[in-house]
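Here the structure is laid out as structure tokens; the discussion comes afterwards.
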Amino acid sequence: MLKFLRKNITEKSDDELVQRYQQSGDLEVLGVLYERYVELVYGVCLKYFKEKTKAEDAVMAIFETLVEKVRTHEIRQFRPWLHVVSKNHCLMQLRKKDRTVSFDDMLPAMQAEVVHSAGVLHPVDVLEEEPQQIALKKCIEKLPAQQKHCVEQFYFEDKSYKEIADLTGDELGLVRSNIQNGRRNLRICMEKSGIHSSV
């Protein structure tokens, strides 16, 4: 019977498994989903850490973060979303090694990685040139206070909707609305600056 149930789970699509996990919180469902892409995650971690042991530790740590993230994030496509989460996890771990380095002090390439850490959900495409970075910063500063705070928390600090709601005391729906509206306003602002958005 258990084998039948597991087989039934493994035959589900990524979207179906995401939906099932968000509804049930069943870690077996999440495990089946993660197992499909564990090699992808390991490859990303190995690229950043350059050491097998650290990469393997990161693979386990990322799964632990997914327990909460998958339930609270709006996921359009699991594979690219997971790739971005994995990359972002590695970048944040590397940044923790030297907390004296601020965003403004990073090399342009590293800034681009952090700015683009939300992948397909990010309001702009990969930013590698200084004018684009300047334009993004200016556009973020133009956002209404609530939208600016939510966007920064979601994209730059990797906070989930629920975590932002807990921090701000706002309803989950309001947080989601602030992020979506902030993303739309950023897209409009960036396009006015002559930079096309990926959203």
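Laboratory data are not the source of any read-out in this text; all were calculated from the coordinates shown. Treat the numbers as computed from the prediction; the structure is a model and nothing was measured. Cβ: placed from backbone, ideal geometry, glycine included. Neighbour counts: every protein chain shown.
Here are a few things to note about the model shown:
- Distance between modelled label sites at residue 167 and residue 137, nm, 7 Å Cα→Cβ extension: 2.0
- Computed extension gain for residue 68 through residue 22, at 0.36 nm per residue and net of the alpha carbon distance, reaches 15.6 nm.
- Gained length - residue 152 relative to residue 11, 0.36 nm times residue gap less alpha-carbon distance: 47.0 nm
- Of 52/87; 47/96; 50/138; 12/69; 148/192, those spanning more than 24 Å from alpha-carbon to alpha-carbon: 50/138
- Under the simplified labelling scheme, the residue 61-residue 92 pair shows an inter-label distance of 1.0 nm, with each label point 7 Å from Cα along Cα→Cβ.
- Here the calculated FRET efficiency for residue 184 and residue 76, from their Cβ-Cβ distance with R0 = 22 Å, stands at 0.90, rounded to the nearest 0.05.
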